[in-house]
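K.L.:
Handing you a structure now.
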Amino acid sequence: MTALIDGKRLAQDMRGEIKRGVEKFVKERGREIGLAVVLVGENPASQVYVRNKIKACEEVGIKSYAEYLSADAAQDDVENLVKRLADDKNIDGILVQLPLPKHLDAEKILKLIPTAKDVDGFSEENTGKLCMGEDCLVACTPNGVMKMLERYGVETKGKKAVVVGRSNIVGKPMAMLLLNADATVTVCHSKTVNLKEECLRADILVVAIGKAKFVTADMVKDGATVIDIGMNRNEGGKLCGDVDFENVKHKCAYITPVPGGVGPMTITMLMYNTLQAALRR
Ligand code: GUN
């Protein structure tokens, strides 16, 4: 029988827990927790994400500092802003919304975020620590997936996990987290030969490639747990994942829907990371 992993509900529960954590912090340390969100330009999807991040801050009691720069901002302008935020004692976390306009050197800008304020978990130091199995700030989406597996009691130890997608911000950290949780992990990508056979071996199948209905029922083992990180628009403009949900769901022990699965967890994990960053300072 299939059980739906309700990301919306879990995100709400976690936001309640984070809110209590923030309240305790404020009471004990006598100061607020601050998150700076930097948006350069007017990418409509980024505007929605940033708005939702600011809304989530309000919900859990974190003070947000929204910093908007125009699409033609110079490299120096963005760098100086990030440097100022890095030195600001009121700010515990810095997030630069991606993608940045093409004329900017994103790598150089992201390197200016101190490791301790890197609430996206994208820095070399946080990524390296994750590889070493050390305590660190972990990328929000894969960390949210781990919380989902934990809360729904999905065993990872000794299980075969297959991650489809190898991006630095989702696929790679996802594989590392599953490995740290004692799964046997395979990472598949665009050059993988026999992708279907690889997927069919998965007890836990995590898909993050950005192609609607890419994973079909014939690629999924009976009783597998399927995690869909895709965020695509179908022909009708409706949000959909990478998995052919209607046909795949009958085969799964657990599956995440899109919308209402991994998506709501990502911003919640950003709030979680901001609280962690504040607690560590
Ligand atoms: N753009 C899309 N997803 C993300 C994310 O997780 N972090 C940042 N900074 N930008 C993004």
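Bear in mind these aren't lab numbers, they're just calculated from the coordinates by the rules spelled out. Computed from a prediction, not measured in an experiment: that's the story for all the values here. A quick note on method: Cβ atoms are made from the backbone with ideal geometry, for glycine too, and the neighbour counts reach across all protein chains shown.
K.L.:
What does the charge count around Asp76 come to, taking other residues whose C-beta lies under 14 Å from its C-beta (Lys +1, Arg +1, Asp -1, Glu -1)? Could you put the intermediate results ahead of the total?
P.N.:
Details: positive: Lys83, Arg84, Lys108; negative: Asp72, Asp77, Glu79, Asp105.
Counting the neighbours of Asp76, the net charge comes to -1.
K.L.:
Using only the alpha-carbon atoms, what does the stretch 1-124 span along each of its principal axes? Please give whole angstrom values in decreasing order.
P.N.:
Cα spread of the stretch 1-124 along its principal axes, largest to smallest: 48, 44, 26 Å.
K.L.:
Check the straight Cα-Cα distances from Lys129 and name the aspartates and glutamates below 20 Å, setting aside those fewer than 8 residues away within the same chain.
P.N.:
Asp92, Glu107, Asp118, Asp120, Asp182
K.L.:
On C-alpha positions alone, give me the angle between the axis of helix 262-280 and the longest principal axis of the chain, in degrees, nearest 10.
P.N.:
40
K.L.:
If you rank Ile227, Ile169 by fewest surrounding Cβ atoms within 10 Å, what's the result?
P.N.:
Values: Ile227 30, Ile169 17.
Ascending Cβ contact count within 10 Å gives the list Ile169, Ile227.
K.L.:
Which distance in Å, rounded to a whole number, links the C-alpha centroids of the stretch 204-252 and the stretch 35-54?
P.N.:
27
K.L.:
Let me ask you something else. Relative to the present Cα-Cα distance, how much length would full extension add between Lys238 and Lys196 at 0.36 nm per residue of separation? Display every interim value, and only then the final one.
P.N.:
On the way: separation 42, 0.36 × 42 = 15.12 nm, distance 2.64 nm.
Length gained between Lys238 and Lys196: 12.5 nm.
K.L.:
Within the P(r) computed for the chain, what percentage of the Cα pairs occupies the region above 29 Å?
P.N.:
Details: 13399 of 39340 pairs.
Of all Cα-Cα pairs in the chain, 34 percent lie more than 29 Å apart.
K.L.:
Okay, moving on. Hey, what number do you get for the chain at 222 nm if only DSSP H runs of n ≥ 4 count, each worth -39500 (n - 2.57), divided across all residues, to the nearest 500? Walk me through the intermediate numbers first.
P.N.:
Values: 10 runs with 118 residues, N = 281.
Mean residue ellipticity at 222 nm (helix-derived): -13000 deg cm²/dmol.
K.L.:
Moving on to the next point. For Thr225, Thr192, which order do you get if you count the other beta carbons within 10 Å of each Cβ and list the fewest first?
P.N.:
Going from least to most buried by this count: Thr192, Thr225.
K.L.:
R0 = 51 Å: FRET efficiency of Lys102 with Arg29, Cβ-based, nearest 0.05?
P.N.:
Details: r = 41 Å, r/R0 = 0.80.
E(calc), rounded to 0.05, equals 0.80.
K.L.:
Could you work out how much longer the chain between Tyr152 and Leu112 gets when fully extended? Use 0.36 nm per residue separation minus the Cα distance between them, nm to one decimal.
P.N.:
Answer, rounded to one decimal: 10.7 nm.
K.L.:
Count of lysine pairs in the stretch 142-281 with Cα atoms under 14 Å apart, counting only pairs 8 or more residues apart in sequence or on different chains?
P.N.:
9
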